[in-house]
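Reading through the structure tokens given below for one structure.
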Amino acid sequence: MDTMILPGQTVFARWDDGYYYPAVIDELLEEDIIKITFLDGCPGFASKEQIVELQEALQIMQLQGNFKNQGLYFKGRLNTQEPMTMYYNDGDIEQIELKQLRGARPGEPVVWKQAAALAVAGAVVGLAIYGIRKAMKKSKNNRETCCNDKTL
């Protein structure tokens with residue numbers, strides 16, 4: 001990033017999931033570290049490479065809106081004139097606040113943590129069911145052998 005970053009400035013900062021969320025610069029720390037507070041109140045730290053100025057973010061990023069502020073993000077086109085309006089790709093339209101946006105730089109990878117968590121949970125449940133079935137089958141086989149044994 002070639003421009004100057006100043007405390008109090010609103011920017012988009014990269015979060016752990018790879019998406020950029022609106023944040024305010026709190027303090028410029030040593031070298032490349034910037035203390036920030038995301039607009040949802042979560043504090044954090046970012047490097048200069050993880051910061052995009054607000055106007056640049058609104059122009060270049062693929063934006064998603066937190067639909068009805070319920071935690072689900074959907075792609076759309078943003079009209080930045082007040083009041084900001086999000087035109088979602090599925091045809092829904094809503095007035096939206098800056099804190100309801102997230103963005104991705106074109107070509108940068110993002111991680112959808114919810115999907116990864118569900119995949120891991122599904123794998124664990126699948127393994128547990130497999131283990132239970134295997135144990136039940138073994139128990140059934142032992143019971144049948146024992147019960148069919150005429151020497152009892």
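Tabulated data
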{"read-out": "Kirkwood-based Rg to Rh ratio, region 18-73, C-alpha trace", "value": "1.00"}
{"read-out": "Spin-label model distance (nm) - Glu49 vs Ile33, 7 Å beyond Cα toward Cβ", "value": "1.7 nm"}
{"read-out": "Principal axis box of region 1-43, alpha-carbon based, largest edge first, Å", "value": "23, 18, 17"}
{"read-out": "Sequence ranges 54-67, 73-86, ranked by mean other-Cβ count within 10 angstrom, highest first", "value": "54-67, 73-86"}
{"read-out": "Directionally averaged shadow of region 1-117, computed from the convex hull of its alpha-carbon atoms, nm²", "value": "7.8 nm²"}
{"read-out": "Under the Karplus curve 6.51 cos²θ - 1.76 cosθ + 1.60, θ = phi - 60°, whole-Hz ³J(HN,Hα) for region 21-37, x wherever Gly or Pro sits", "value": "10, x, 8, 10, 6, 8, 7, 8, 9, 4, 6, 10, 9, 10, 8, 10, 10"}
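Only the coordinates and a few stated rules stand behind these numbers; no lab work does. Note that the coordinates shown come from a computational prediction; the quantities given were computed from them, not determined experimentally. Positions of Cβ are backbone-derived with ideal geometry, glycine not excepted, and every protein chain shown enters the neighbour counts.
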